[in-house]
Amino acid sequence: MTDVTGAPVDVLHTLFRSDQGGHEQVVLCQDRASGLKAVIAIHSTALGPALGGTRFYPYASEDEAVADALNLSRGMSYKNAMAGLDHGGGKAVIIGDPERIKSDELLLAYGRFVASLGGRYVTACDVGTYVADMDVVARTNQWTTGRSPENGGAGDSSVLTAYGVFQGMRASAQHQWGDPDLRGRKVGVAGVGKVGHYLVGHLVQDGADVVVTDVRDESLRRITEMFPQVTVAKDTEALIRTEGLDIYAPCALGGALNDESVLALTAKVVCGAANNQLAHPGVEKDLADRHILYAPDYVVNAGGVIQVADELHGFDFDRCKAKAAKIFDTTLAIFARAKVDGIPPAAAADRIAEQRMAEARRA
């Protein structure tokens, strides 16, 4: 394990770029025996130990992996602050195709790196990692959440992540149309995997007209078997151009909203589970110029982190669900702040989160 010392020049350049948000610590991890290559990024511990999941993904380069860890960990600081948690932001990425290289040996090695940080970083599931993986990681450290109930954990955090997004969507509808009821609203969900399929369940139950897409045929088969009333779009491009679409919910990887997709988007609200939905900061202005309401992703998708944080203190599902339900009020408060300050919603959320972190540092 190393911090930045000895890292390749291109990786060092990424670490110290001024627009990456002033991280406290970045750890490069390697275990040759298991094939582990990972990055653990701690953005802030102002509010408490850094909390964030472990992403397992076949990055094209180490530089790309570092950049993703930096971006995601910064987002976790803001997410945890807006969720009212006593945690800072952190994130880990494991480099490689989980379908090919994931093994107990690799996960145990990764867990030892988490342990070496002495509690500054608390990990959980993310893209490419699951409850069973966290059970393995937890064998080598006490700072792993997202474990199975049989191993002292809370289980799948996707359930409350989806519930929180649903509450954020209801708040968006309240702000945009004066009614939180989604009955009769046409909602497009891009990505119906771990979180997306639970979100579809809430939407169908609420009477929404749901259109879905996913890059995996297996996911589409599952969702149409569960909810025969949903419509399947050919791909994401077709989904965002769907006639009469009210709400677009990106629920896969980040960067879903870029210059081209915003111009093609027919929906008047964007509210989804994916992290880092804006391809670059200027995209939110493009949304505002088209009078499209954007619910900040790290606010509405905080249900999962609420759950895993609670796991550290003895998990109670009803208590967590009640906290996740408050995402409705938090989202409305952000829209109100944005209107008063004359700024986009994401900027308003950032201001509120930064204020809380600054107050914690002063204290």
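Listed values, structure above:
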| quantity | calculated |
| --- | --- |
| Qualifying residue in region 233-252 (condition: farther than 26 Å from ALA288 by Cβ and in contact with a Ser or Thr (Cβ under 9 Å, 6 or more places away or on another chain)) | yes |
| Within region 47-65, tally of residues that are within 11 Å of ASN80 (Cα to Cα), aliphatic (A, V, I, L, M) and either in contact with a His (Cβ under 6 Å, 6 or more places away or on another chain) or in a loop (DSSP other than H, G, I, E, B) (or both) | 2 |
| Checking GLU150 against (1) within 27 Å of GLY111 (Cβ to Cβ); (2) part of a loop (DSSP other than H, G, I, E, B), the condition it does not meet | (2) |
| Candidate set from region 192-202 (those that are in contact with a helix residue (DSSP H, G or I) (Cβ under 7 Å, 6 or more places away or on another chain) and part of a helix (DSSP H, G or I)); member that is surrounded by the most Cβ atoms within 10 Å (Cβ to Cβ) | LEU199 |
| Some residue of region 218-238 being outside any strand (DSSP E or B), in contact with a strand residue (DSSP E or B) (Cβ under 7 Å, 6 or more places away or on another chain) and within 24 Å of ALA346 (Cβ to Cβ) | yes |
| Single match in GLY168, GLY155, GLY164 (criterion: assigned to a loop (DSSP other than H, G, I, E, B) and over 16 Å from GLY207 (Cα atoms)) | GLY155 |
| Residue in region 104-122 that is assigned by TED's automatic domain parsing to the domain that holds ALA33, under 22 Å from LYS321 (Cα atoms) and either touching a residue at least 24 places away in the same chain (Cβ under 8 Å) or buried (at least 18 other Cβ atoms within 10 Å of the Cβ) (or both) present | yes |
| Filter pass, ALA363 being at pLDDT below 95 and of a type outside the set (Phe, Trp, Tyr) | yes |
| Some residue of region 171-179 being under 20 Å from ASN301 (Cβ atoms), surrounded by 22 or more Cβ atoms within 10 Å (Cβ to Cβ) and free of Cβ contacts under 8 Å to residues at least 60 places away in the same chain | no |
| Selected residue (only one of VAL189, VAL215 is farther than 29 Å from TYR121 by Cα, at pLDDT below 95 and not in a helix (DSSP H, G or I)) | VAL215 |
| Matching residues, region 155-170, being buried (at least 24 other Cβ atoms within 10 Å of the Cβ) and hydrophobic (A, V, I, L, M, F, W, C) | LEU160, ALA162, VAL165, PHE166, MET169 |
| Residues located in region 56-69, provided they are at pLDDT 95 or above and within 16 Å of ASN276 (Cβ to Cβ) | TYR57, TYR59, GLU64, ALA65, VAL66, ALA69 |
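The values are calculated or read from the model by the stated rules, or taken from the named source; none is laboratory data. Since this is a predicted model, take the numbers as computed values, not measurements. Neighbour counts run over all protein chains shown; Cβ positions are idealised from the backbone, glycine included.
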